[in-house]
Each structure stands twice: as C-alpha cells, then as structure tokens.
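The values are calculated or read from the model by the stated rules, or taken from the named source; none is laboratory data. Just so we're clear, the structure is a prediction, and the values are computed from it rather than from any experiment. Positions of Cβ are backbone-derived with ideal geometry, glycine not excepted, and every protein chain shown enters the neighbour counts.
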Amino acid sequence: MSSTYETYSIRERSEKVTLCHVEPLERLLLWTLDSGSVYYRDVDYFTIDVREGTTSLTEGSSSSLSSGEWFYNSSTGRLYIRTSDDTNPNTKNVNVKYRLFFSTGPFSLPCDLSAGPDVYYEPRLKDASAVNKQLDDEQIGIALESSTNLSFYNTDGYFDEIIDSLIWENKTVRVWSWSPGVALSEKKLLFKGTIEDKGFSDSRASFRCKDAIYKLREPFPLERFSVSDGTVPDAYLDTPKRQVYGQFDNLQCVPIDAIKSGYSITGTVSGNVGSASITGLGTSFLDEISPGDELTWSRDVEPLTFTVASVNSDTSLTLDDELEDVFTSVSVTNKPARPWRKKNREWHIAGHKLREPTTVISAVAQDNRVTVSDSTDFEEGDLIDVNGENAYIRRVFGSDIVLEQNLGSTPSVSDPVTKNPISQAYIKTREAFIDRDWTVTNGTTDSKIVFTDTAERNVARPKLLSGSFTFTNGSRTVSVSSKDAQNEMQTRDWIKSDNISHTTYYEILSVDESEIVLRAAYAGGTNTGGATVKNVELISDESLITVSGSGLERSNTWIKAAGSIVNDILQQEIGITDVDAAAITEADQEAPYKMSLIIPEALTSEPPIVRDVIKNINESVFGSLVNDGDFNLVYRVLHQDKPPTLSVLNDDDIIGFSQRFRNKTYSKVKVKYRPFVDIFIGENTFKFYEFSSDFTSNFVEASDELEKTIHLYDENDAQSICQRYALYHSLSTSTISISSKMNLMTKNLGDKLWLSLDRLAKRFGNRDRQKIGVITKISKNGDAVSVDINDLGNTFSRVMSIAPNTVSDYTSADGDERLFNAYVCDNSLEVPDISSDKELGTNLIG
Amino acid sequence: MAFSSLASSLYNVGKPVVQSIFSTLKGNQDDLNSRLLTVEGAINKIDCFNGILVNVASGVSTISGAFGIYEAQSAFTLTDAVVGIFDVSGPSWSGTLRIDVQKSSSLDFSSSVSVFTTKPSISFSSPTNYTQSSNAAFSLVNKDVGAGDFLRVDIDALPSGGVLGLIQVKVTGEAS
C-alpha cells in the first residue's frame, strides 16, 4: 500500500471505495453524577462535539474534566460532561453531535480518516450520485451548487430508530473516494456540504445534500435605518444602509437630521385669547423662525397651529390671526416655510467606515512636493490633510506626492498625512468645500457628512445690486430706494454692503418693497450704496446631497479589488470561512482594478441576494467563484496565461472526447461603468464606453452587440475589460467534452488543461492538434470523471504570453513552444515568420 | 534602476516576447519618471504676479487690476497665491484684507471667473506686522490656466481704521 492516488486512478482494475461521514445532532438528558461536577451517560454513537445551547464546549483528554469540557470514551461509549458553570447538565440545553461512519464496504478506519481511533465503517452506502460542478456562465460566474444524493441500505432497520429521532437537516456530510491499495492520506474528497432533505423506506434511507454555495442565495445582510439614527424621513426608515466597495462618485446621501413635520424651537411660548402676539421665554425667534412659518402646539386635544406674520425680536412674534385659546409656557414645533439652515446638517453616506489611510512625511522637497513613508492608497485627485491643512494630490510616484497647490506653511518631516474619505461634496449642483462647508464623521458602523450652518451661503453666487441701500450701524433695518427689494431677495437669503471694508454678510428676516429687516443688528459703519446679495438654496429633507470618496475599510485595509471584495462578502457578511486565501491574493494581482460597487444600487431598494452581487463582480473582471478539491471556496480571475507547469493530456489519458462550437460573436461591446448620480437631473446613471471590433465586423461579419454593466471605477480598466469582452466574442467558442478515468479527479473548475489529441480539430494559429482551455464543468463520482473545457473564443491560441528568457526564436521553436509563447511580428504582415501566414491573427494583446 | 537601452535584436521579427523586454521597459519608465519629477520641481515655476502695491485706496467696492493684466504664454496650473502686509502698527484696524484673481479667456473680463474657492486674506482684528496669508485654496475647476488666458488681481476687501500704505501680492504656478 504505497502507491499514490494518481497511480491508482489510472490502473485498469482497482478496488474503488466510497467513504462517508454524516454528523447528526441529538439533545440529551438523564445525565448521572460521576464525581464532583462531572456527569456521564452512555451514548450509541461516536461523539465529536457537545454544546450548551449553541456554544461548543471544549473536548477534554480524559474523564477528569475542567469546567466547560467534555470527553467521549470510544471504547466504552460513555460520554462525560462538566458544564460551564458546574451545574447539573439536566438543567441545561445540552446538544451532542455524532459522527456516523459509512462505506461501500466494511472497513475499520480512523474516525477522522487520519490519526484518530479506529471505528467501524458500516457497509451501508449503496451509492453516491456523481457530484457535478459547473459554472453558471461559460466564461465567468459562480459555480452552481454542487449536490449529491446519498443512499444507504436499511433492510435490517438500522435507520428505523434514528431517521426521525436524530436531527439530520442542515448537518454536515463528507464523501471521499479511496482504495485499500493506497494510503488513507491519498483519499480524495468528493463532496462536503449539508443535508437538505431525507428519505426513508424499509429498504433504504437517503439524504439529498448541497454544498456551501447555496448560502449565496441569502439576501445581502445590511443594517437598516431606524429612529436611533436620528430624525430620518419616513421614506428611508427601515430601508437598508448602503455598503460601498472601492471608490465612488456622486453617491446620494440620506438625511438623518431632517425637519419632517417640524422641529422643536428653543424655549417656551405664551399667548392670549383675542391677541395675535406670542411671547417667548428663553426663545430665539430671530434665528429659528421666519414669516410664513407654521407653529404647532401639540396638546392633548386637537393640536393648535398658527402662521407667523412677523418676527419682532427673539422673544416676540406676531401671528397672522388672533388666538382663540390661551396658553402659557408651552413648547411648540416649527414647520418652516423655507428650510432652517441649522437642520438637515447630517447626511448618512454608508453603513460602515470609509477608507481613511494615514502616513507621515519622510522628506520635504518644496511646499507642494513631499515624500511620505507609505503612499499606499494615496492617489491622484485625493483630498489629503497635511498636519491640519487640506490639499488635493496632483500626482503620486512611488512615495513622492505632488500637490495641486503649495501648502500654506512648509511641512516638516514626521508631519501626519491623512487621506480624507470624502474628496468632494455637492449641495444639489454646487460643490461645497471641506472645513468651510462640511466635515466627515467616519465611524466604524456609519459614515456621515456634516454641513456647517453657512454652507448654503458659502456656495451661493454673490449678486451685485445697484440702487441705494442704507445700512445703519446698530440697526436691523436696511432701507432701500430705487429698487424693489422683494424682487431680489427673500427671508433666509444674505446681504452685505458693497463697501470694500464691509465683508460680513447678514441673514435676512423679512423683505418688503423698500425695507429689509435683518436677523442681527448691522455692526459695520453706517453706509449708503450698493449691496451684494446671496440667494441661497437651502438644504431640505428632499435635497440631493452627493459625495465622492473611498469605500469600505476593513481592518485598516481598503477593500477595492474584486478578489478582496468577494472574500469580504463571504467571510464578513455571510460567514463562510472556508475560503482559499492564496487564491484571493492571486485574484487581486490578476485583477487589481479598482471597483465601484454600491449595494443596493438604488437608495431604498431591498438588498440583492449575495449571489447576484458576486455575479456583478464576476462580470466586471471575468471572475469565477468555485469549490476546490477540499470544497473550499476559490476565487479566480479568468485570463489567457498558459502556466508552464501544465502537463499534456494525450489520447491514452482519456476515454473519449467530443468538440462543439458555439457562435456567440459580437461586433460591438458597450459597457456601463462607474455608477454615479447625475446632479443635474437627480437620477442614477453610469459612464459609458463602447468598442467596435473591426475583426468581427469585417471577417466574421457579425452584427450583434453586447451590453454589459461593469462595476469598475477607472476609465482605462473599463476600456480593457470592454475590449476583452470583444476579443472573447470575436470567434466561435469551442467546448471539448472529455470523459476520463480517475486521472482528472484532482481537477476543478477554473483549472487549465493542455490537450494534444490525434483527432482534435487543428487549432487557430499554428494549425496543430493542441489546445489549451479552462474547465467550465466537471462531474466526478467514485469511478470516473468528465470535464468540459472552454477555449474562450480561441483566445488561448491568439493572445500572447510573456515567454521565459531562454526560449528559442520562432523558426527554431517546436509546436509546444509555439503554443505557449508569443513572438515579435513583422510590422506589415503581422506574423513572426514572413514565409508563412499560419500565425496571422495570433500574438495579440489580451 | 538606471536607464538602459533596449537592444534592437530583442525585438527583431520572430523573437520571443520575453520577460526581460518588459523588465527593461519598466525600469526605464521608472527612471524617466523619477528624473522628470526632479526637473519639474526645479525649473517649472511661473511667476504671474510678484510685487507690491502702494497707497491702496478705500471707499470703493473692488479695486480691479491694480497689478495689471497677466497673459499666459503657455498652459500652467496655479499653485500658490499670497497677500502680505508690512508695518501696519498705529491705526485701530478692523475688517479683512482680501485679494482675488480673476481669469478670462480675453481682455473682456465681464465673464471672468475667480480661480479661488478661498481667497487669500489676512484678518485685521489683531494684525501682525510683516505677515503673509496662508489660506488660499484654488478651485479645481478654474486653477488651470490655458495658453492665451488672462489673469487679473483684484482687491475685494480692505480693512477699515486706516489706509494701507503697502501690500505684497504673489501669484505663482507650475507648468503641468
């Protein structure tokens, strides 16, 4: 027993065995005190886990247990437990997980198929249906859920006692292929998943099982807006908070400081029957109220609402009608006719922390050129804080950063540099600026933009007014002549004298034809002349507020590339931890493109299912999410590189093959990328790019067009992916179906195969009978394997690969070298050997 | 990595597209970029306005073009703007000294735009002699000056309490 699985798998005759572990659950009572706080009971099946409720206890090494431990004696079948608080387990919810052992033949093997104690494998496994794996899209996508049906003999009633009394649903199942002729360590995992359904008869029991990929059908888990987030408009309550990966432009924000039906004013008010006067106590009428506003007193009986005619002072205002009721020192809410500039200051960006890297200056060249110790995630166009001063980055090269403008004061070595998570913010169509108009609160569970109460004034354009405006020192009244002031301004607008020495704007309380009343007394010198007015567009509950910036940061890392995003979703969002970390790293290297992924895409929409989110990512970078041989999830990015470690598959290695072609060619590919909100029309949109393939139009004469949405941020990346779609769809795709012996048992979706078959159709390019393709479907059972191999529109033959430095020139190279390597082509003839046109159309950029 | 020539024999027709070609290309690109960064920092500066203004008037809304008009000979990006004061001791000052730079595509400044989001200014609530402003912020949209564009410095806020004898103005850019 020393041969490997590979040698066993190619033998003409060999004993093939299928092994199976099934792990049902049972709740146990009737524990007997052993000694101290240790209890025991005898169990019928091998125990692998004991839980209090949903918390697993620790497995001990003997019956001398500490608190929170258990021990199973496999020789005697006795299970010992000591609860976490040393109390009687009969008073607790104690669950026990068993492991049942089955096979297609009787064997005594380790309980863990490794070094554990031997147990008896019941020869009841009738058969396991073939485990199928297939991508839901030929070239990219997510593996369709693997499934299998397990069938066990039950003619002796083995399952009668337990099929209904133990809990089987959603419990773990594993199936292996093995042979007594090889070491147990050579066994191959055929399936790992959970039981979905069970069946029973007097002759057999069966379980229908699916793997972990089914979890991708759950909705993407997102926190929802609630009253604890602030004053959230009803339209947004209980809707999901956004999750944003990568970088985003003009993302619409949600108000959490809204006015809704009104805001409580400071202080209390009093009024008398027959009077239109309202008196305030501790009130700030001049700040909080304007003519035309509606005040409401919410009393036990029907609420009382009044409309404000004028505001006289901080403690006196006049209604437009006399009161019919008396009230004293009551609180009122104000529903303003024009929004108040101290509400709608906080706007929600996303339900997580945004990327905010920090570094320090290590050298200073000039006031706009510095070197930092780590420039990771600092990019052109970023808004950074250099020791308290904000500046935009013009260029980054290595660790050198060039700013758009000089800093106000020369920075010093060790000064901190922080990238602002938000680089731009817009109040409707006007850009607002950091610190002067807004700041960002970047918490671990929510990120928000907070506007100053002068933001709208700052972004409004000044309007010069001629005429005669008399500003009087110490007075709130500005007299106007030769101009109808009502045509030029209204309450909550701002005005200043046009005198060069008078720079302060004053907020307007009311306007009539010849008089403007300010909310605060004019502090400048009395002056008559022109005026400058700012007609402000105040932020309301319905305003369009958009921001641009960097997406999710997790553990001080910017999650921006496809592989990392998929990994974050699997591990952090839906709790699948069996993910191949090395594959994620490689995927990020193959597809380092910065994504722009917003979940959900439209505000207030329900979250999509996880599968659809990953599908969107896959379509953006030609990604695939598959199971590997150990049923870990592996993320791969499809590309045409040909690993030099590939070994060739000849006719002797297979049972048979067939080849089919599918014409799915497009002359034009249009992509939508970088989603954003158009601030001029207030609607979600994308940037667009389209590519027309001259090759497909002229030679294939195809006329169909393909449209895709790809969630990439950078234009160059979007162009590359769009052109790659065109390349993959410029010729028919060939799929080769191969049936083989067990020699392909170790292959998985996304693996590449090198075929050299006597009757394979001669390939595009060198016209030999070799082909490289990628596995898009694989079916395995204990006896045989079949695979589908896709050549991605013949791109493996057509797209160049960088060669090792030591390969031969084209004219000296053999068929294998010409299959793997690219060659410099003649400028006119576009071939590496001008005496032959076989290579025409190869050595392309992929 | 220093610049190294790419031998033409490496890319003759029929040669394999080998890794060393790309290594050489990347190394050369890195080297050129590094040297360009140095050169750019050293000799790229453009002085649009750099001087002093005497006897600054008051009682008006704006003083336009006190420093004349600058016509750009080639495209560049504005990187710095400063207003400075000299000895201002004596008067009881208040208010603000502030300049603006207007950009126009022609000598007609009726449709000109400010190049700032925050104009350089010095507060005169408690002015310090021989101070320069440090608060200018350029508009990302208007900071780029094209060949043939015109720039004009305006004074749009003056402190009250006295008459400023001298002010310094400096506006610079870099070819981009």
One residue is enough: does segment A:766-773 have a residue meeting the conditions more than 14 Å from every other protein chain (Cβ to nearest Cβ), at pLDDT below 80 and in contact with a strand residue (DSSP E or B) (Cβ under 9 Å, 6 or more places away or on another chain)? yes
Quick check on residue A:746: is it within 35 Å of the chain's Cα centre (by Cα), assigned to a strand (DSSP E or B), in contact (Cβ under 8 Å) with a residue 24 or more places away in the chain and surrounded by fewer than 21 Cβ atoms within 10 Å (Cβ to Cβ)? no
From A:718, A:813, residue being without any contact (Cβ under 8 Å) to a residue 60 or more places away in the chain and within 14 Å of chain B (Cβ to nearest Cβ): A:813
Number of positions in segment B:155-176 that are at the interface with another protein chain (Cβ under 10 Å from one of its Cβ atoms) and in a strand (DSSP E or B): 7
Qualifying residues in segment A:449-461 (those that are closer than 29 Å to residue A:514 by Cβ and surrounded by fewer than 17 Cβ atoms within 10 Å (Cβ to Cβ)) - the one farthest from the other protein chains (Cβ to nearest Cβ): A:454
Based on this model, can you work out whether residue B:84 counts as free of Cβ contacts under 8 Å to residues at least 40 places away in the same chain, buried (at least 16 other Cβ atoms within 10 Å of the Cβ) and within 23 Å of the chain's Cα centre (by Cα)? no
In segment A:435-489, what residues are in a strand (DSSP E or B), among the aliphatic types (A, V, I, L, M) and without any contact (Cβ under 8 Å) to a residue 40 or more places away in the chain? A:480
In segment A:649-688, the residues that are buried (at least 17 other Cβ atoms within 10 Å of the Cβ), closer than 30 Å to residue A:757 by Cβ and of a type in the set (D, E, K, R): A:653
Test result for residue A:67, more than 18 Å from residue A:119 (Cα to Cα), among the hydroxyl-bearing types (Ser, Thr, Tyr) and in a loop (DSSP other than H, G, I, E, B): yes
Show the residue pairs meeting these rules: Cβ distance below 6 Å; 6+ apart or different chains; first residue within segment A:393-418 and farther than 17 Å from residue B:37 by Cβ and within 12 Å of another protein chain (Cβ to nearest Cβ); second residue outside any strand (DSSP E or B) and small (Gly, Ala, Ser). A:408/B:134; A:409/B:134
Odd one out for residue A:691, checked against (1) surrounded by 15 or more Cβ atoms within 10 Å (Cβ to Cβ); (2) outside any strand (DSSP E or B); (3) under 32 Å from the mean Cα position of the chain (by Cα): (2)
Are any of the residues in segment B:29-38 modelled with pLDDT of 90 or more, away from every other protein chain (no Cβ under 13 Å) and surrounded by fewer than 18 Cβ atoms within 10 Å (Cβ to Cβ)? no
Might you check whether a residue that is touching a residue at least 60 places away in the same chain (Cβ under 8 Å), more than 11 Å from every other protein chain (Cβ to nearest Cβ), part of a loop (DSSP other than H, G, I, E, B) and in contact with a Phe, Trp or Tyr (Cβ under 8 Å, 6 or more places away or on another chain) occurs anywhere in segment B:134-146? no
Here are some conditions: (1) buried (at least 19 other Cβ atoms within 10 Å of the Cβ); (2) without any contact (Cβ under 8 Å) to a residue 24 or more places away in the chain; (3) in a loop (DSSP other than H, G, I, E, B); (4) β-branched (Val, Ile, Thr). Residue A:283 meets all but one. Which one does it not meet? (2)
Leading residue by the ranking (nearest to the chain's Cα centre (by Cα)) among those in segment A:380-392 that are more than 11 Å from every other protein chain (Cβ to nearest Cβ) and within 29 Å of residue B:26 (Cα to Cα): A:382
Any idea which of A:356, A:322 is farther than 30 Å from residue A:491 by Cβ, assigned to a loop (DSSP other than H, G, I, E, B), more than 12 Å from chain B (Cβ to nearest Cβ) and touching a residue at least 40 places away in the same chain (Cβ under 8 Å)? A:356
Quick one: residue A:725 ticks every box in (1) within 27 Å of residue A:246 (Cβ to Cβ); (2) surrounded by fewer than 17 Cβ atoms within 10 Å (Cβ to Cβ); (3) not aliphatic (A, V, I, L, M) except a single one, so which number is it? (2)
Within segment A:816-839, of all residues that are without any contact (Cβ under 8 Å) to a residue 60 or more places away in the chain and touching a Cys at 6+ places or on another chain (Cβ under 9 Å), the one surrounded by the fewest Cβ atoms within 10 Å (Cβ to Cβ) is A:831
Here are some residues: A:364, A:308. Which one is among the aliphatic types (A, V, I, L, M), free of Cβ contacts under 8 Å to residues at least 60 places away in the same chain and farther than 29 Å from residue A:507 by Cα? A:364
Given the conditions (1) surrounded by fewer than 24 Cβ atoms within 10 Å (Cβ to Cβ); (2) at pLDDT 95 or above, report the number of the one that residue A:547 does not fulfil. (1)
Just to be sure I understand, how many residues within segment B:5-28 are in contact with a helix residue (DSSP H, G or I) (Cβ under 9 Å, 6 or more places away or on another chain), more than 11 Å from chain A (Cβ to nearest Cβ) and part of a helix (DSSP H, G or I)? 1
Can you report the number of residues in segment A:514-524 which are at pLDDT 90 or above, surrounded by fewer than 18 Cβ atoms within 10 Å (Cβ to Cβ) and assigned to a loop (DSSP other than H, G, I, E, B)? 3
Checking residue A:585 against (1) at pLDDT 90 or above; (2) among the polar types (S, T, N, Q); (3) crowded, with 23+ Cβ neighbours inside 10 Å: exactly one of these is not met. Which one? (3)
Tell me whether segment A:195-207 contains one or more residues that are touching a Leu at 6+ places or on another chain (Cβ under 7 Å) and of a type in the set (A, V, I, L, M, F, W, C). yes
Residue among A:801, A:786, A:828, A:756 that alone is within 14 Å of chain B (Cβ to nearest Cβ), among the small types (Gly, Ala, Ser) and more than 22 Å from residue A:725 (Cα to Cα): A:828
Among the strands (runs of 3 or more DSSP E) lying completely within segment A:749-809, list those that include at least 1 residues that are free of Cβ contacts under 8 Å to residues at least 40 places away in the same chain. A:770-780
Starting from residues that are among the hydroxyl-bearing types (Ser, Thr, Tyr), more than 12 Å from residue A:390 (Cβ to Cβ) and under 24 Å from the mean Cα position of the chain (by Cα), keep the ones in segment A:423-448 and report whichever is surrounded by the most Cβ atoms within 10 Å (Cβ to Cβ). A:447
